[in-house]
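Read-outs: derived from the displayed coordinates by stated rules, not from any lab. Predicted, not measured: the structure shown is a model, and the values here were computed from it. Cβ atoms come from the backbone with ideal geometry, glycine included; neighbour counts cover every protein chain shown.
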Amino acid sequence: MSNDMNKKKKKQLIMKLKEEIAGELGLNVNIAKKGWANLTSRETGKIGGYVAKRLKEEKR
């Protein structure tokens, strides 16, 4: 059961990080209006790239 808890916490942390980065990129208004599913692939890729970069930096 603790493994499931870890997965849920990890997903929550990543979602929080995605929301933070989207806000920094000025995409939070778009997300509020259209939702996450309606972002362009460019916007989604940009968020994903920054998430990966931050996660990599945190591991150091």
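Going by average Cβ neighbours within 10 Å, how do the peptides 37-44, 23-30, 4-11 rank, with the highest at the top?
Details: 37-44: 11.2, 23-30: 13.1, 4-11: 9.6.
By packing density, highest mean first, the sequence is 23-30, 37-44, 4-11.
Couplings 3J(HN,Hα) of the range 32-38, computed from phi: 5, 7, 9, x, 4, 5, 9 Hz, in residue order, whole Hz [Karplus 6.51 cos²θ - 1.76 cosθ + 1.60, θ = phi - 60°; x for Gly and Pro]. Using only the alpha-carbon atoms, how far is helix 41-59 inclined from the longest principal axis of the chain? Give it as 0 to 90 degrees, nearest 10. Rounded to the nearest ten degrees, it is 30.
Quick check: the distance between the Cα centres of the range 34-59 and the range 8-22, to the nearest angstrom? When both Cα centres are located, 10 Å separates them.
Relative to the dominant Cα principal axis of the chain, helix 2-24 is inclined by about 30°. Within straight-line reach of K34, meaning a Cα separation under 21 Å, sit the following lysines at least 8 residues removed in sequence or on another chain: K16, K18, K46.
Using Cβ counts within 10 Å as a stand-in for footprinting exposure, how do I31, I47, I14 rank, fewest first?
Working: I31 18, I47 22, I14 12.
Taking fewest neighbouring Cβ atoms as first place, the list is I14, I31, I47.
Multiplying the residue separation of K46 and K8 by 0.36 nm and removing their Cα-Cα distance gives an extension gain of 11.3 nm. Write down the Kirkwood hydrodynamic radius of the chain, to one decimal in angstroms, obtained as one divided by the mean of 1/r over all alpha carbon pairs. With all distinct Cα pairs of the chain included, I get 12.5 Å.
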